[in-house]
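K.L.:
Quick one: structure below, then a few questions.
The values are calculated or read from the model by the stated rules, or taken from the named source; none is laboratory data. A quick note: this is a predicted structure, and the numbers were derived from the prediction, not measured. When we count neighbours, we look across all protein chains shown, and the Cβ atoms used for this are built from the backbone with ideal geometry, even at glycine. The protein model used for the area step is the full one, side chains on, heavy atoms only, and it has no ligands, DNA or RNA in it. Shrake-Rupley method; radii C 1.70, N 1.55, O 1.52, S 1.80 Å.
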Amino acid sequence: MRAWRIKRGLSCKDVAKALGWSESKVSRMETGERGLYEVDVAAVLGYLRVPPEIRQELMNLVRAGVERNWHEIGHQLPISKILRDLIRFENEAAAIYSFEPLLVPGLLQTAEYARALMRAFPQKISEEMIEGMVAARMDRQRVLDRADPPHLHLIIEEMVLRRTMGDPVMMLGQLQHLLAATARRNVSIRLLPFDAVGSTAAQGSLKIIDCPEQPTLCYEESRSTSAFLEDEEYIAIARLSWKKLSSAAWSEEDSQHRIAELASNLRRGT
């Protein structure tokens, strides 16, 4: 892409302005510091008037790279398009706001916790597939290890951390992992007490993704479907819901004390 941009006598700023992106996005795509997505590469190649045969060859390379990466992560496990989109948006996010009333959020699950969840699926899943899914989830968490990670704001229903799924040792490790995560400058973890007003959490999980280069998104997930919403009315409702959840949740400090207390209880076997 860089060779064709230079051939056309254009700068990164020129391309970014034409496509409505930031200059840094174009630069990161060219240097490989940013994941390549088909729609983005197609837009650049089209703007640069790259000949069709060369454009097709480059697009095939992008597609092959994506497929190879996911197969390596997932042990030939097929990854849904919406999950790929979620990972993409998380990687582009400046801030992620997530509320979970039933599970520890995926971005901070331990491998043992994720494995226990997947083994509890109602449908039978092979151990090989489970390990592939766990590997994919762990790879997704690498976004938090970047030099410029998104700010992750989590609110977790207290009962989530009381649920050991029959494995107190596994849950102790998960609680310790959450405590360690609170030391990260970009991670905020707060608990919603289980005796909070019921309507506060009744509508289920909530995820708001703020990206600097595109509209804010709301990600909704249920047992059988999931979707991204970006209409202003949905975003306004989501932000209002987050505000109510935030008002009802404990402070970060009190939440850390509660997580430490729950961990201590597990160590003592109570």
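K.L.:
So, with +1 on the Cβ of K and R and -1 on the Cβ of D and E, and no other charges, what is the size of the charge dipole of the chain about its Cα centre, to the nearest 20 debye? Numbers along the way, then the final one.
P.N.:
On the way: 36 positive and 37 negative charges, 95 e Å.
Rounded to the nearest 20 debye, it is 460 debye.
K.L.:
Determine ³J(HN,Hα), in whole Hz, for all residues of segment 173-180 in sequence, where each value follows from phi through the Karplus function 6.51 cos²θ - 1.76 cosθ + 1.60 and θ = phi - 60°; x replaces Gly and Pro.
P.N.:
x, 5, 5, 5, 5, 5, 4, 5
K.L.:
Which of the listed residues, 248, 106, 262, is farthest toward the dipole's positive end in the chain, when Lys, Arg count +1 and Asp, Glu count -1 at the beta-carbon?
P.N.:
Of the candidates, 106 comes out farthest on the positive side.
K.L.:
Which of the lysines could be linked to residue 13 by a straight reach, that is with a Cα gap under 29 Å, when you skip same-chain ones fewer than 8 residues away?
P.N.:
Excluding near neighbours in sequence, the set is 25.
K.L.:
Ranked from the most accessible area to the least, with a 1.4 Å probe and all protein chains present, what is the order of 167, 40?
P.N.:
Working: 167 65, 40 10 Å².
Heavy-atom accessible area, descending, gives 167, 40.
K.L.:
Sticking with this structure for a sec: Going by accessible area, probe 1.4 Å, with all protein chains left in place, what is the ranking of 219, 97, 47, largest first? It would help to have the intermediate numbers written out before the result.
P.N.:
On the way: 219 20, 97 55, 47 80 Å².
So, going from the largest accessible area down, we get 47, 97, 219.
K.L.:
At a probe size of 1.4 Å, how large is the accessible area of residue 133, to the nearest 10 Å²?
P.N.:
40
K.L.:
Considering the options 237, 21, 159, tell which one lies farthest towards the positive end of the dipole of the chain, charges being +1 on Lys and Arg and -1 on Asp and Glu at the Cβ, about the Cα centre.
P.N.:
21
K.L.:
Still on this structure: Roughly what % of DSSP beta bridges within the chain run antiparallel, to the nearest 5? Can you show the working numbers first?
P.N.:
On the way: 12 of 24 bridges.
About 50 percent, rounded to the nearest 5.
K.L.:
Compare 150, 193, 51 in a GNM of the chain, Cα atoms joined below 10 Å, and give the one with the largest fluctuation.
P.N.:
Sorting by GNM fluctuation, first place goes to 51.
K.L.:
By a straight-distance test (C-alpha under 21 Å), which lysines pair with residue 243 as possible cross-link partners, with residues fewer than eight away in the same chain excluded?
P.N.:
207
K.L.:
Please check: in the Gaussian network model of the chain (C-alpha springs, under 10 Å), which one of 120, 249, 136 has the largest mean-square fluctuation.
P.N.:
Most flexible of the set in this elastic network: 120.
K.L.:
Note the angle between two axes, namely the Cα long axis of helix 52-74 and the longest principal axis of the Cα atoms of the chain, as a number of degrees from 0 to 90, rounded to the nearest 10.
P.N.:
In the chain, helix 52-74 runs at an angle near 20 degrees to the longest axis.
K.L.:
On a 0 to 90° scale, report how tilted helix 81-92 is relative to the longest principal axis of the chain, with both axes built from alpha carbons and the result rounded to the nearest 10.
P.N.:
With rounding to tens, the tilt is 90 degrees.
K.L.:
Given a 1.4 Å probe and every protein chain left where it sits, what share in percent of the accessible area of segment 145-270 is carbon and sulfur?
P.N.:
On the way: 3540 of 7110 Å².
Heavy-atom surface of segment 145-270 belonging to carbon and sulfur, 1.4 Å probe: 50 percent.
K.L.:
Dividing the alpha-carbon radius of gyration of the chain by 2.2 N^0.38 Å (N being the number of residues), what value is obtained? Let's see the in-between values first.
P.N.:
On the way: Rg = 21.0 Å, N = 270, 2.2 N^0.38 = 18.5 Å.
For the chain, the normalised Cα radius of gyration comes out at 1.14.
K.L.:
So what is the orientation-averaged projected area of segment 131-261, using the convex hull of its C-alpha atoms, in nm²?
P.N.:
Details: hull surface 38.8 nm².
Taking a quarter of the hull surface, the average projection is 9.7 nm².
K.L.:
Could you list which residues have their amide H under 5 Å from that of residue 94, counting only those 5 or more apart in sequence or on another chain, with H placed in the peptide plane?
P.N.:
Amide H to amide H, under 5 Å and 5 or more residues apart or across chains, residue 94 pairs with 210, 211.
K.L.:
At 1.4 Å probe size, with every protein chain present, just tell me what the per residue accessible area of segment 88-203 comes to in Å². Could the numbers behind the result be given before it?
P.N.:
Numbers: 5420 Å² over 116 residues.
The answer is 47 Å² per residue.
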